[in-house]
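Notes follow once the structure below has been shown.
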Amino acid sequence: MAGAAVLGLCRFAQKVKTPTGFLSYATHGNVVGQTEPKQPSLVGRHFLTLKDFSKREVQHLLWVAADLKTRFQTRNEKYNPLVGKAGALYFQKRSTRTRMSSETGFALLGGHPLFLTDNDIHLGVNESMHDSAKVISRFVDVFLARVFNHSDLVEFSKHATIPIINGLSELYHPLQTLADLQTLQEHYGRLKGLTVAWVGDGNNIIHSIMMGAPKMGMNLKIATPKDYTLESAVVDDCKELIKEHGTELYITTDPMEACEKADVIVTDTWISMGQEEEKQARVKAFQGYQVTKKMTSVASPDWCFLHCLPRKPEEVDDEVFYSDKSLVWDEAENRKWTVMAVMLTLLKDHALKTPKPKF
Ligand code: CP
Ligand code: NVA
């Protein structure tokens, strides 16, 4: 009777049986258990940087990713909420993980993915961003783009009438950070209080971690060579987040200092896509930044290693990269569940079935 009373109050409410057997109430597609507040709706939003998403929204995306992973992987469910939807996946640069996770993930949800490169469409070459955004918005329901210039994504999203997803720009790679957070949550059973050490370039990967990790209660220790530091605007934004969420940020040029007592050691290529001509200078400047066993020896005893991939041995040696402390394969797989969570939640509210992970 009490349940019926609750149902009576919620226009779109539907009683659902959860995997743990208790009953909760789905409203607008989200689990609203008697104690769980309604989850945020992200429908219609752009996903260009985690800077635009609150702690609660990032947690919601991670919860949806965990829910999708359980439904598809553990329960072998058929779940096709995106039947009838089309998604364009546009790449100006190479990609294995982002392309494959988004294309297979969109199809798994029942949608129709279109993979496009800049050899395929006019965008930015023969047609303005404005005009392309208007036209593409008439054909597909969501647009994921990997671009050289973040400013192109911003411009495109201003004129598009569909959600735009950043599939990597020179400034940010927010999809990667979501997968990293999911991997760490699964490994440690929490995120709050973890300390992440970055050893390497002040690039798009660490910029995105800086926009996401503090919101989850994580501390950051960042070591970059002096001529390859972080974007100062990103550092300023991160300092604000650190203050707001009561965590810590430490920036240095000494990798050993960054790794000291860290739970997570993260690195990436020294030469990002588009920087190939700088290879010689970069390899020279990054000497001493290869992640090695020596660096891990000063980390927390329960340390782990992350790398967005693709990896080259110069930035991390085989002993660390292939060790049982390395979570890189789970991290790569989680690109799929997290991009699915993003694509789905920007298009539809989603009925969560699995209990909320502990953050
Ligand atoms: N980590 C990542 O984005 O990999 P890809 O370049 O293969 O997409
Ligand atoms: N920093 C790298 C990440 C690749 C996934 C790049 O931008 O090329």
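Quick check of the Kirkwood formula: for the stretch 52-145, what is the inverse mean of 1/r over all pairs of different Cα atoms, in Å? Walk me through the intermediate numbers first.
Details: mean 1/r = 0.0666 Å⁻¹.
Result for the stretch 52-145, one decimal place: 15.0 Å.
For the stretch 201-359, state the semi-axes of the equivalent ellipsoid (square roots of 5 times the eigenvalues of the alpha-carbon gyration tensor), sorted largest first and rounded to whole angstrom. Working shown, then result.
Details: eigenvalues 144, 72, 66 Å².
So the three semi-axes of the stretch 201-359 are 27, 19, 18 Å.
DSSP bridge analysis restricted to the chain gives an antiparallel fraction near 15%, rounded to the nearest 5.
Across the options 87, 251, 344, the greatest Cα extent toward the positive end of the charge dipole of the chain (unit charges at beta carbon of Lys, Arg, Asp, Glu) belongs to 344. Remark: the residue 275-residue 244 segment gains 7.7 nm on full extension, using 0.36 nm per residue and subtracting the alpha carbon distance. Computed on the chain, with alpha-carbon pairs under 8 angstrom and 6+ residues apart, the relative contact order is 21 percent.
Here 54, 272 are placed in order of increasing Cβ neighbour count within 10 Å, fewest first, which gives 54, 272. When restricted to Cα atoms, the stretch 164-259 yields an Rg and a Dmax of 12.7, 39 Å, respectively.
Counting only alpha carbon atoms, the long axis of helix 232-245 and the longest principal axis of the chain meet at about 60°.
In a fully extended conformation the segment linking residue 293 and residue 311 would gain 4.8 nm over its present Cα-Cα distance, using 0.36 nm per residue. GNM on the chain, alpha-carbon springs under 10 angstrom: the most fluctuating residue among 142, 283, 196 is 283.
Rounded to whole numbers, the Karplus 3J(HN,Hα) couplings from phi for the stretch 334-343 are 5, 4, 5, 5, 6, 5, 4, 4, 5, 4 Hz, using 6.51 cos²θ - 1.76 cosθ + 1.60 with θ = phi - 60°, and x at Gly and Pro. Exposed loop positions in the chain were taken to be GluC sites (Glu not before Pro) whose DSSP state is not H, G, I, E or B and which have at most 13 other beta-carbon atoms within 10 angstrom. Between these positions, the longest stretch is 78-247. If you fit an axis through the alpha-carbon atoms of helix 150-159 and take the longest principal axis of the Cα set of the chain, what angle between them do you get, 0 to 90°, nearest 10? Value to nearest ten degrees: 20.
Relative contact order of the stretch 208-359, taken over Cα pairs closer than 8 Å and 6 or more residues apart, is 20 percent. Per residue, the convex hull spanned by the Cα atoms of the chain measures out at 141 cubic angstrom. For the stretch 186-231, the relative contact order is 50 percent, taking Cα pairs closer than 8 Å that sit 6 or more residues apart in sequence and dividing their mean separation by the residue count.
Determine the alpha carbon to alpha carbon distance for each of 51/312; 55/226; 51/353; 38/358 and list only those over 20 Å. Distance filter (> 20 Å) returns 51/312; 55/226; 51/353. What residue among 344, 116, 89 has the largest mean-square fluctuation in a Gaussian network model of the chain, using Cα springs under 10 Å? Most flexible of the set in this elastic network: 116.
Taking each DSSP H run with n ≥ 4 as -39500 (n - 2.57) and averaging over every residue of the chain yields -11000 deg cm²/dmol at 222 nm. Ranked for footprinting exposure by Cβ neighbours inside 10 Å, fewest first, 122, 245 give 122, 245. Can you compute the label reach from residue 83? Point 7 Å from Cα along the Cβ direction, backbone N cut-off under 12 Å, restricted to the stretch 99-141. Only 110-111 fall inside the zone, counting backbone N under 12 Å. A full extension of the chain between residue 94 and residue 330 corresponds to an added length of 82.8 nm, given 0.36 nm per residue minus the alpha carbon distance.
None of the figures in this text is laboratory data; all of them are computed from the coordinates on show. Worth saying up front: this structure is predicted, and the values here are computed from it rather than measured. Every residue, glycine among them, receives a Cβ derived from its backbone with ideal geometry; neighbour counts consider all protein chains shown.
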